[in-house]
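Engineer: What follows is a structure written as structure tokens; I'll ask about it next.
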Amino acid sequence: IIKLLTRLPKLIESFNKLYLTDVNNFSEDFYENLLNLIYGYKLENANKFKANAPAIDLRDIESQLSIQVTSTSSLVKTKKTVEQFIDNRLFDDYKRLVILNIVKKSSHKVSSLGNNDFTFNTVDDIWDIDNLLKDIKYLTDILKIKAIHDFLVKELQDEPETSLPSEVNTILAIIELLSNEKHPDAGTGFLEEPDPENKILVRFSDYS
């Protein structure tokens, strides 16, 4: 899980440097599913209900939780997110706002942002991969851990390179040698016509 999940921040950072931002849209759906697996949330992508939803990307109506998925960790961006959250009175529907940084979070000098209507905790409510890994570490449900692992393999692991076992390659080489009419030894020492189905059993009967 650690090896797979820590691939994502570097991947996204490299994509963003090349202005290939489609990966950010992928990240919203990816984290929707991952956070639901880790914490048992019922998060949905907010953009499914309102295009370019302000301040938040994921929402759990039942838990009154909202999450912004971002690759920008600056205090300016955090302030803007909190301001949009308040200006749109999202605190009426969501008691908590979490900013999930998909690259690496920053530690802000201020511990909170907001006003009397809503206060955002910059210490507890800004997450990154390390926060998720720490919480996964302390999970006790092995089936949940396996579900997280299987999800990460499906989403992040490259297709494995398939290779035949060495024993199979050896047998294939023997078959190729026996079937090669251009081989220097072809045609010597044989009294019968080639019999592909039985020649290995007959000629290598001691080892067949």
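Engineer: Going by the conditions given, is residue 13 farther than 27 Å from residue 87 by Cα and either of a type outside the set (Phe, Trp, Tyr) or surrounded by fewer than 17 Cβ atoms within 10 Å (Cβ to Cβ) (or both)?
Structural biologist: yes
Engineer: Across segment 162-172, what is the total count of residues that are at pLDDT 75 or above and either open to solvent by 90 Å² or more (accessible area, probe 1.4 Å) or under 16 Å from residue 197 (Cα atoms) (or both)?
Structural biologist: Residues flagged as at pLDDT 75 or above and either open to solvent by 90 Å² or more (accessible area, probe 1.4 Å) or under 16 Å from residue 197 (Cα atoms) (or both) within segment 162-172 amount to 3.
Engineer: Spot the failing condition for residue 95; the list is (1) open to solvent by less than 90 Å² (accessible area, probe 1.4 Å); (2) under 24 Å from residue 47 (Cα atoms), and only one is missed.
Structural biologist: (1)
Engineer: Say we look at segment 17-27 and pick out the residues that are at pLDDT 80 or above and under 11 Å from residue 71 (Cβ atoms); which of these is most open to solvent (accessible area, probe 1.4 Å)?
Structural biologist: 17
Engineer: Testing residue 46 on (1) under 28 Å from residue 141 (Cα atoms); (2) within 21 Å of the chain's Cα centre (by Cα); (3) of a type in the set (A, V, I, L, M, F, W, C); (4) surrounded by 15 or more Cβ atoms within 10 Å (Cβ to Cβ), one condition comes back false. Which one is that?
Structural biologist: That leaves (1) as the condition not met.
Engineer: Considering segment 102-148 alone, what residues qualify as being surrounded by 15 or more Cβ atoms within 10 Å (Cβ to Cβ), aromatic (Phe, Trp, Tyr) and closer than 19 Å to residue 5 by Cα?
Structural biologist: Across segment 102-148, the qualifying residue is only 127.
Engineer: So, in segment 33-43, how many residues would count as being in contact (Cβ under 8 Å) with a residue 12 or more places away in the chain and either surrounded by 19 or more Cβ atoms within 10 Å (Cβ to Cβ) or assigned to a helix (DSSP H, G or I) (or both)? Walk me through how you get there before you give the answer.
Structural biologist: Of the residues in segment 33-43, the ones in contact (Cβ under 8 Å) with a residue 12 or more places away in the chain are 33-35, 37-39, 41-43.
Next cut, either surrounded by 19 or more Cβ atoms within 10 Å (Cβ to Cβ) or assigned to a helix (DSSP H, G or I) (or both) only: 33-35, 37-39, 43.
Matching residues across segment 33-43 total 7.
Engineer: Just a yes or no: is a residue in segment 12-32 touching a Ser or Thr at 6+ places or on another chain (Cβ under 9 Å), under 19 Å from residue 134 (Cβ atoms) and assigned to a loop (DSSP other than H, G, I, E, B)?
Structural biologist: The answer is no; no qualifying residue exists.
Engineer: Among (1) touching a residue at least 12 places away in the same chain (Cβ under 8 Å); (2) surrounded by 18 or more Cβ atoms within 10 Å (Cβ to Cβ); (3) not aromatic (Phe, Trp, Tyr), which single condition is residue 53 missing?
Structural biologist: Result: residue 53 fails condition (1) only.
The values are calculated or read from the model by the stated rules, or taken from the named source; none is laboratory data. Being a predicted model, the structure only gives us computed values, none of them experimental. Cβ atoms come from the backbone with ideal geometry, glycine included; neighbour counts cover every protein chain shown. To get the accessible areas, we keep the full protein, side chains included, count just its heavy atoms, and leave off ligands, DNA and RNA. Shrake-Rupley method; radii C 1.70, N 1.55, O 1.52, S 1.80 Å.
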